[in-house]
Amino acid sequence: MNKEWKHDNEDGSYTVRTCGWSPPGDHPVGCGMKLTVKGGKLVKVEGDAEHPISQGRLCVRCLALAEYVHHPTRIISPMKRSIEDRGKEKWSKISWEEAWDIIVPKILQLKKDHGAESIVVFGGTGREACLYYYPLGFASIGTPNVCYPLSGWSCYGPRCAITDYILGAGYPEIDFAGTFPDRYDNPAFTLPKYIVEWGKNPLMSNPDGFYGHSLIDMMKRGTKIISIDPRITWLGTRSEYVCQLRPGTDTALAMAFLNVIINEDLYDHEFVDKWCYGFDELKERVQEYSPEKVAEITWVPKQTIIEVARIIAMNKPTAIQWGLAVDENPNGVQLGHAILSLGAITGNLDVPGGITLGAPAALLGKWRMDTRSNISEELWDKRIGAKEWPALANALATTHPDETLDTLETGKPYKLRMGWFNSSNFITATCSAQPDRWYRALKSLEFNVVQDCFMTPTAMAFADIFLPLPTFAEHDGIVITHFGRNPVFLGAMNKAFTVGDCKSDIEVCIELGKKLHPDMWEFDDVPDFFSKQLKPELGIDFNDLRELGVYQPKYTYGKHEKGLLRPDGEPGFNTVTGMVELTSTLFETWGDDALPYYKEPPYSPVSTPELFNEYPLILTTGARTFTSFHSEHRQISTLREITPDPVCELHPETAQNLGINEGDWVDLENMFGKCKMKAHLTPCIHPRVVHAVHGWWFPEKPAEEPSLYGVWDSNINKLVPHKHIGKLGFGAPFKQMICKASRREA
Ligand SMILES: Nc1nc2c(c(=O)[nH]1)N[C@H]1C(S)=C(S)[C@@H](COP(=O)(O)OP(=O)(O)OC[C@H]3O[C@@H](n4cnc5c(=O)[nH]c(N)nc54)[C@H](O)[C@@H]3O)O[C@H]1N2
Ligand SMILES: Nc1nc2c(c(=O)[nH]1)N[C@H]1C(S)=C(S)[C@@H](COP(=O)(O)OP(=O)(O)OC[C@H]3O[C@@H](n4cnc5c(=O)[nH]c(N)nc54)[C@H](O)[C@@H]3O)O[C@H]1N2
Ligand code: SF4
Ligand SMILES: [Mo]
């Protein structure tokens, strides 16, 4: 782009060009925008037409940014509260010095008396914080226990682990010509003939490292869509096929596609012979999944299964984009294995218009990895759940989420004493299954620090110290898509103005780190920190990036042919066999099958028929909406006006049988809990399925306990059980439970 990043306007305002991330919200998608500031206030947010990815388009959440930034209930200075006042509105404002004077001695004392492992850092999904909560834990505080608390690490955990284990590559993403400045017109790019949207709805879930509107761009140019989703989404209505499957049965469907493609000899022999390991075993395994049998399991008609399989195999390039439905499934690792196998045997891996692959080492990831060196081997061995779940512990540098709840509840193998809540409001229906259990368990912590922009139910319940965060418009940063695991660009987040006395995640890491582990934090300030990341890999510093606006790394297709995936520089994939492991060489040592297989959801008409009599609807949850990022944005009136209530979707016939009308309040209930949602009737959902949103709380309801902003009223995760995870430790049934629905009076 190479444009000035700050421009003074004639009316006394100025405009800053930036790339968005968080807070509020977002995985690193980095849309380009121009922020106009006058008299210290954000007065205008516009899309930046010159940004190569977003090309001027913005979501409603960014358009409402000024409301968020200047919201009267936003917290803009540090606060403290006595431990006996947790759950009460008894806060007093303090300075950052006072906050450090409380936090630092407390950490030192805990480390001395109980070991650094008694401190746990909780973090949520891929906001900017996600780059820094590992270093915060490892290098600022010095604990091995960094916890992403979602049962089964059910967001990207299964997808990233299976990619590591059977491809040895960075994140597989559909090719949307993202690295080319001229995008789809670049001669190296080929338009995908088909894109399979598998359990992903990228227009709604736009800020997910992939820019959803790219799909529309490609559809306009002729790409056709296949949707695999129990709901007929907007994209579904424009698809060639919708496989409206029973939630959670996806692995059976993927195995049936493989069955058709292999048995009809439609696969890419050259790719299979040269680059795949264990094809014969896979061929034998898929014989168990005939289209007839799988039609019964999945509710997808046999003929549809056969036709879709043929399309995937016979139209090159076809890209498959997998979404959260792969992860929120205890059978998700097997599903990921089957989907990657589909991409591989049809010859769609790392070809133009197919499935792009990142290099195994993340761009700008070295420093983050190096912060682990602050933790001794002995301390690292104490990481919660690492011994019990080696497949998870090898792939991810965190604790095991479900074991962490068990540890909080039992004090075994040791007692956790301090929580640092960095980017998760997880007693809301977000990063927790059975949040009521987490809520009780977290009460055992002796000292808690929460960083956030607003008072949340989690902060109200637990914080002793509250540290306020600046939004992405108020601090410097770098946004890098897919965290550098297959980036299409990195962009500068430019501080445009200041609100209150807030500090960003990296500022907090550096300040705390300098006090506790100064040798790990030899940076002068934030721009110096970024320059030291950028210089060795890209030869530019932070100011150069600001000037550039966006840096697009060069993309090379067919990396496996050119020796670009393996550290030894040999052709092949970075796996044990050097090939795509259709049959895994690792899983048996960890107690699982080497090949993908279908397993029924833990609660279903087949696994628990008696419970299903009582709870006769399949419950899927959490499909994204435009107006919020998880539990965020509920207090932003423009957005709340669009989505005023938590909604569940029911088929009109199902609703009629239950005496439920559009707009009625209903109870959704199962053997684990109950919650209240407003009914929306739509023929776009399968009649035997109900969908309920996640992440609801009500900033307008009483803050103090027991209400905690009404956090328990519409908390769908009370219906999702803890520790119903796959054999390798991944995946939980957030999108495949059972429930009943009944009308309530109010
Ligand atoms: N606006 C907004 N965007 C977001 C987020 C947000 O909160 N708000 N969150 C971000 C995060 S953390 C994530 S992980 C991504 C998630 O975003 P996506 O990967 O797109 O996932 P979802 O929106 O949860 O669900 C996608 C689709 O899966 C379907 N589905 C439900 N159950 C099943 C099933 O069993 N099988 C199949 N095949 N499909 C199923 C749903 O009906 C839905 O249409 O979005 C990110 N983007
Ligand atoms: N039932 C059901 N539950 C689900 C899902 C589902 O599909 N169904 N999806 C799950 C998924 S995939 C995910 S990833 C989780 C998400 O769960 P989380 O990521 O834990 O999301 P939140 O609970 O909204 O908490 C995030 C908090 O971080 C704050 N925050 C925002 N930006 C920043 C930042 O840059 N730095 C810091 N330090 N804080 C910030 C926000 O204000 C907010 O209070 O929810 C999960 N929960
Ligand atoms: S995805 Fe939407 S909310 Fe996120 S930065 Fe882009 S426009 Fe803003
Ligand atoms: Mo997520």
**Study point:** Inter-residue pairs, beta-carbon under 9 Å, first at positive phi and in the range 292-310, second of a type in the set (S, T, N, Q) and not in a helix (DSSP H, G or I), 6+ apart
**Key:** Trp299/Gln244; Trp299/Thr249
**Study point:** Residue check for Phe466: part of a strand (DSSP E or B) and either at pLDDT 95 or above or open to solvent by less than 10 Å² (accessible area, probe 1.4 Å) (or both)
**Key:** yes
Practice item. With the checklist (1) surrounded by fewer than 24 Cβ atoms within 10 Å (Cβ to Cβ); (2) more than 29 Å from Thr556 (Cα to Cα) in hand, flag the one item Ala362 doesn't pass. Key: (2)
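Of all the residues that make up the range 338-380, how many are assigned to a loop (DSSP other than H, G, I, E, B), among the aliphatic types (A, V, I, L, M) and within 26 Å of Gly178 (Cβ to Cβ)?
Of the range 338-380, the ones assigned to a loop (DSSP other than H, G, I, E, B) are 346-348, 350-354, 357-365, 375-376.
Next, only the ones that are among the aliphatic types (A, V, I, L, M) stay: 351, 357, 359, 361-364, 375.
Remaining after also requiring within 26 Å of Gly178 (Cβ to Cβ): 351, 357, 359, 361-364.
So the answer is 7.
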**Study point:** Number of the exception - Leu42 against (1) within 16 Å of ligand 2 (Cβ to nearest atom); (2) surrounded by 18 or more Cβ atoms within 10 Å (Cβ to Cβ)
**Key:** (1)
Practice item. Please name all residue pairs, on different chains or six or more residues apart, with Cβ atoms under 7 Å, provided the first residue is in the range 507-531 and is farther than 17 Å from Asp101 by Cα and without any contact (Cβ under 8 Å) to a residue 60 or more places away in the chain and the second residue is crowded, with 19+ Cβ neighbours inside 10 Å and among the charged types (D, E, K, R). Key: Val526/Asp476; Val526/Glu507; Pro527/Asp476
Review point. Mind checking which residues of the range 28-62 are more than 16 Å from ligand 1 (Cβ to nearest atom), of a type outside the set (A, V, I, L, M, F, W, C) and part of a loop (DSSP other than H, G, I, E, B)?
Key: Gly39, Gly40, Asp48, Glu50, His51, Pro52, Gln55, Gly56
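Identify all residues within the range 528-556 that are in a loop (DSSP other than H, G, I, E, B) and open to solvent by less than 30 Å² (accessible area, probe 1.4 Å); write none if there are none. Break it down into steps so the answer makes sense when it comes.
So in the range 528-556, the residues in a loop (DSSP other than H, G, I, E, B) come out as 539-541, 549, 552-556.
Of everything in the range 528-556, those that are in a loop (DSSP other than H, G, I, E, B) and open to solvent by less than 30 Å² (accessible area, probe 1.4 Å) turn out to be Ile540, Gly549, Pro553.
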Check your understanding: Mind checking which pairs have a first residue in the range 277-291 that is farther than 24 Å from Leu167 by Cα and a second that is assigned to a strand (DSSP E or B), Cβ under 6 Å, 6 or more apart or different chains?
Key -> none
Exercise for review: Scan the range 637-663 residue by residue and report those that are of a type in the set (A, V, I, L, M) and surrounded by fewer than 21 Cβ atoms within 10 Å (Cβ to Cβ).
Suggested key: Ile642, Val647, Leu658
Exercise for review: Please work out which one of (1) open to solvent by 10 Å² or more (accessible area, probe 1.4 Å); (2) within 16 Å of ligand 2 (Cβ to nearest atom); (3) within 22 Å of Asp175 (Cβ to Cβ) is the condition Leu266 fails and give its number.
Suggested key: (2)
Exercise for review: Please go through the range 602-634 and pick out each residue that is under 18 Å from Glu700 (Cα atoms) and touching a Ser or Thr at 6+ places or on another chain (Cβ under 6 Å).
Suggested key: Thr627, His630, Ser631
Check your understanding: Exactly one of (1) surrounded by fewer than 19 Cβ atoms within 10 Å (Cβ to Cβ); (2) among the β-branched types (Val, Ile, Thr); (3) not in a loop (DSSP other than H, G, I, E, B) is unmet by Thr73. Its number?
Key -> (3)
Check your understanding: Residue check, Cys130 against (1) in contact with a Gly (Cβ under 9 Å, 6 or more places away or on another chain); (2) more than 16 Å from ligand 4 (Cβ to nearest atom); (3) part of a helix (DSSP H, G or I), all met but one. Which one?
Key -> (2)
Point to revise | Subset of the range 190-236 that is hydrophobic (A, V, I, L, M, F, W, C), open to solvent by 20 Å² or more (accessible area, probe 1.4 Å) and part of a loop (DSSP other than H, G, I, E, B) - its residue that is nearest to Asn315 (Cα to Cα) | key: Leu191
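Here is a list: Gly347, Gly336, Gly323, Gly343. Which entry is within 16 Å of ligand 3 (Cβ to nearest atom) and assigned by TED's automatic domain parsing to the domain that holds Asp229?
Numbers: Gly347 fails: within 16 Å of ligand 3 (Cβ to nearest atom); Gly336 fails: within 16 Å of ligand 3 (Cβ to nearest atom); Gly343 fails: within 16 Å of ligand 3 (Cβ to nearest atom).
None of the other options fit; the residue is Gly323.
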Review point. Looking at the range 596-618, is at least one residue modelled with pLDDT of 95 or more, closer than 27 Å to Gly343 by Cα and open to solvent by less than 10 Å² (accessible area, probe 1.4 Å)?
Key: yes
**Study point:** Only one of Leu582, Leu512, Leu564, Leu586 that is within 28 Å of the chain's Cα centre (by Cα), more than 30 Å from Arg61 (Cα to Cα), open to solvent by 50 Å² or more (accessible area, probe 1.4 Å) and at pLDDT 95 or above
**Key:** Leu564
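With respect to Glu10, is the statement that it is at pLDDT below 95, open to solvent by 10 Å² or more (accessible area, probe 1.4 Å) and either within 13 Å of Ala492 (Cα to Cα) or out of contact with any Lys or Arg (no Cβ under 8 Å at 6 or more places or on another chain) (or both) true? First the steps, then the outcome.
On the way: at pLDDT below 95: no; open to solvent by 10 Å² or more (accessible area, probe 1.4 Å): yes; either within 13 Å of Ala492 (Cα to Cα) or out of contact with any Lys or Arg (no Cβ under 8 Å at 6 or more places or on another chain) (or both): yes.
No: the conditions fail for Glu10.
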Exercise for review: Please specify each residue of the range 209-236 satisfying the condition of being under 26 Å from Gly347 (Cβ atoms) and either within 16 Å of ligand 4 (Cβ to nearest atom) or among the aliphatic types (A, V, I, L, M) (or both).
Suggested key: Gly209, Phe210, Leu215, Met218, Met219, Ile225, Ile226, Ile228, Leu235
Check your understanding: When Val37 is evaluated against the numbered criteria (1) crowded, with 17+ Cβ neighbours inside 10 Å; (2) away from ligand 4 (no atom under 16 Å from the Cβ); (3) touching a residue at least 24 places away in the same chain (Cβ under 8 Å); (4) under 30 Å from the mean Cα position of the chain (by Cα), which criterion, by number, is the only one it fails?
Key -> (4)
Check your understanding: assigned to a strand (DSSP E or B), touching a helix residue (DSSP H, G or I) at 6+ places or on another chain (Cβ under 9 Å) and within 26 Å of Glu89 (Cβ to Cβ) - does that describe any residue in the range 711-729?
Key -> no
Exercise for review: Look through the range 716-746, keep the residues that are in contact with a Cys (Cβ under 8 Å, 6 or more places away or on another chain) and under 23 Å from Gly332 (Cβ atoms), and return whichever of them is most open to solvent (accessible area, probe 1.4 Å).
Suggested key: Lys718
Practice item. Only residues in the range 367-390 that are closer than 15 Å to Thr143 by Cα and at pLDDT 95 or above count as the first member; pair them with residues that are part of a loop (DSSP other than H, G, I, E, B) and charged (D, E, K, R), Cβ under 9 angstrom, at least 6 apart or cross-chain, and list the lot. Key: Ile375/Arg383; Asp381/Lys387
Check your understanding: Are any residues in the range 673-690 open to solvent by 10 Å² or more (accessible area, probe 1.4 Å) and touching a strand residue (DSSP E or B) at 6+ places or on another chain (Cβ under 8 Å), and if so, which ones?
Key -> Lys674, Lys676, Lys678, His680, Leu681, Thr682, Cys684, His686, Arg688
Study note, to complete from the structure: Of the residues in the range 479-495, those that are within 29 Å of Trp96 (Cα to Cα), open to solvent by less than 10 Å² (accessible area, probe 1.4 Å) and away from ligand 1 (no atom under 16 Å from the Cβ) come to Ala492, Met493, Asn494
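The values are calculated or read from the model by the stated rules, or taken from the named source; none is laboratory data. This one's a predicted model, so the numbers in the text were calculated from it and none came from an experiment. When we count neighbours, we look across all protein chains shown, and the Cβ atoms used for this are built from the backbone with ideal geometry, even at glycine. Surface areas here come from the heavy atoms of the whole protein model, side chains and all, with no ligands, DNA or RNA. Shrake-Rupley method; radii C 1.70, N 1.55, O 1.52, S 1.80 Å.
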